[in-house]
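Working notes for the structure below.
The values are calculated or read from the model by the stated rules, or taken from the named source; none is laboratory data. Owing to the predicted nature of the structure, the values given are computational and were not obtained by experimental measurement. A quick note on method: Cβ atoms are made from the backbone with ideal geometry, for glycine too, and the neighbour counts reach across all protein chains shown. Surface areas here come from the heavy atoms of the whole protein model, side chains and all, with no ligands, DNA or RNA. Shrake-Rupley method; radii C 1.70, N 1.55, O 1.52, S 1.80 Å.
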Amino acid sequence: MDFFWRIINFLKETAPFFIAMNIILASFLLILGLVLMSKKNREQKAKKIAGMVCLSFSMLAFLGAMSNAFFSFFVL
């Protein structure tokens, strides 16, 4: 049981780093996705699909940051 609490404490200590990293990654992917989805690049199908993929991963990264924050600050 002691091992379990050591893992929980480790996750508490590293949570702020991973929350910040997820938010930075999501912001970068959001900007990249919006640039690829811009009106100028919309004619090219490959750039449009790449933009949608970047936006999808950006939403997943924001969701990861929110779930990490919820778990570390409210559950633990």
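If the condition is being open to solvent by less than 70 Å² (accessible area, probe 1.4 Å) and at pLDDT below 85, then region 37-57 contributes only Asn41.
Out of Leu25, Leu34, Leu60, I need the residue that is in a helix (DSSP H, G or I) and surrounded by 17 or more Cβ atoms within 10 Å (Cβ to Cβ). Which one? Of Leu25, Leu34, Leu60, the one residue that is in a helix (DSSP H, G or I) and surrounded by 17 or more Cβ atoms within 10 Å (Cβ to Cβ) is Leu25.
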